[in-house]
Amino acid sequence: MKNISKFLLFILVSNLIFAIDYTTELNSKYSYNNEDISYYNSAKFGIKLYENDLYTEISFLGENYDTNNDLKVYTAFAEIYQNDLTLSIGKQKTNWGLGTLFNLTNIFNQADIKNPKSDKEGINGLDIKYRPTGMSKIEGFLFKNNYSNKNIAVRYINSFNNIEYNLNYLDYKLSLNRIKDIIVEFKGEDIVGYWSQFNYKKIKDTSTKIATLGIDYTFDIFEKNLYIANEIMNNFDEEIVLNYTNFSYSLTDLITYNQTFIFDFKGEENVILSNLSYIFNDYTTIDITNYKYNNIKNIFNTTQSINDKLELEFKINF
């Protein structure tokens, strides 16, 4: 009891003196796939320090699933602000690109089909951002991945007439290959939201051209919001065309229904995801999700099979 009291006192004093924030996220998933029941439990604890021109964050993730236990550093970085220059070093959150599920610029993490914009584990690297004007930004990121300690990502961002434009150059190693990408993207809104990416990819002596195009719109139906998003990815050289469609409807202020379809235009592959999300209180969310898979070679770029499953998830944030 004394240790708990000391810990609570430490949190209170550090908040008052050092402007420190603490975050905690608890997550439990139970999955059934017609053969067995599996579980996944995680706890994430983070500390954020705000001090004039310095921001520091460190977080830890503990995981327990089946017979495995793991504890790792999720993020650990410092960010320094000097006029128009920002320098970040350490294991930091990185989210590039204007796409959704088929985000060609996001070479750092694999998107979650239930929530493509969800939080991901940090990437070790050095990030430098410079803003020559209020609407433009130049950014360079030197980072590590599982295949090389020498990877680079550079981008230039600007906006004209409420349209955002990005020009990206990526040079990184994936498996045994050194890959170089030049990606042009834009995003705007005119009645509907829209975005697009054009990628020229160079792998050894071969090149590939890939493009994405997406739109989204929010309807007001029975005083509740229906959000619809659609994104298409076309790999011109390999003749692969994939489609992602998401419907999200607020049944009440607390309950949201999501329906996601992912398929190729040859009709050989598809994923169907149905999700019901309930906000239990200010801290707790309960999700029920049903996944159905039919061939996923191009959708997930894998030869492994994935079983259909029904998933129950509890998430607590405070």
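Quick note: the coordinates plus some simple rules give every number you see, no bench work behind them. Nothing here was measured: the structure is a model prediction, and the numbers come from that model. FYI the Cβ positions are ideal-geometry reconstructions off the backbone, even for glycines, and counts take in every protein chain you see.
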### Query
Which number do you get for Rg(Cα) / (2.2 N^0.38 Å) in the stretch 2-317?
1.09
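For Cα pairs less than 8 Å apart in space and 6+ apart in sequence, what is the mean separation divided by the residue count of the chain, i.e. the relative contact order in percent?
Values: 768 pairs, mean separation 35.1, N = 318.
It rounds to 11 percent for the chain.
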### Task
For residue 288 and residue 255, calculate 0.36 nm times their separation in residues minus their Cα-Cα distance, and state this gained length in nm to one decimal.
10.7 nm
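Could you give the length gained by full extension between residue 87 and residue 206, i.e. 0.36 nm per residue of separation minus their alpha carbon distance, to one decimal place? Before the final figure, lay out each step's value.
Details: separation 119, 0.36 × 119 = 42.84 nm, distance 3.53 nm.
Here the segment from residue 87 to residue 206 would lengthen by 39.3 nm.
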### Message
Show me the chymotrypsin sites (Phe, Trp or Tyr not before Pro) within the stretch 215-273 that DSSP assigns to loop and that have at most 10 other Cβ atoms within 10 Å of their Cβ.
### Response
222
### Query
Using the Karplus equation 6.51 cos²θ - 1.76 cosθ + 1.60 (θ = phi - 60°), what ³J(HN,Hα) coupling, rounded to whole Hz, does each residue of the stretch 180-189 give in order, writing x for Gly and Pro?
10, 10, 10, 10, 10, 9, 8, 8, x, 8
### Net dipole in debye of the chain [+1 Lys, Arg Cβ; -1 Asp, Glu Cβ; about Cα centre; nearest 20]
1000 debye
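Work out the FRET efficiency for residue 268 and residue 184 from their Cβ-Cβ distance, taking R0 = 22 Å, and round it to the nearest 0.05. Kindly include the intermediate steps, with their values, before the conclusion.
Working: r = 30 Å, r/R0 = 1.36.
Here the calculated transfer efficiency is 0.15.
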### Query
With each pseudo-label sitting 7 Å past Cα toward Cβ, what's the residue 36-residue 118 distance in nm, one decimal?
2.2 nm
### Task
Report, by chain and number, residues whose modeled amide H sits under 5 Å from the one on residue 102, excluding near sequence neighbours (fewer than 5 apart, same chain).
none
## Note on the structure
Taking a label point 7 Å from the Cα of residue 228 along Cα-to-Cβ, the residues of the stretch 256-274 whose backbone nitrogen sits under 20 Å from it are 256-265, 271-274
## Note on the structure
Amide H proximity to residue 269 below 5 Å, modelled H, separation 5+ or other chain, gives 264
### Query
Out of the stretch 171-246, which GluC sites (Glu not before Pro) are coil in DSSP terms and have no more than 12 other C-beta atoms within 10 Å?
223, 238, 239
#### Entry: Inter-probe distance in nm under a simple model that places probes 7 Å from Cα toward Cβ, at residue 237 and residue 316
5.1 nm
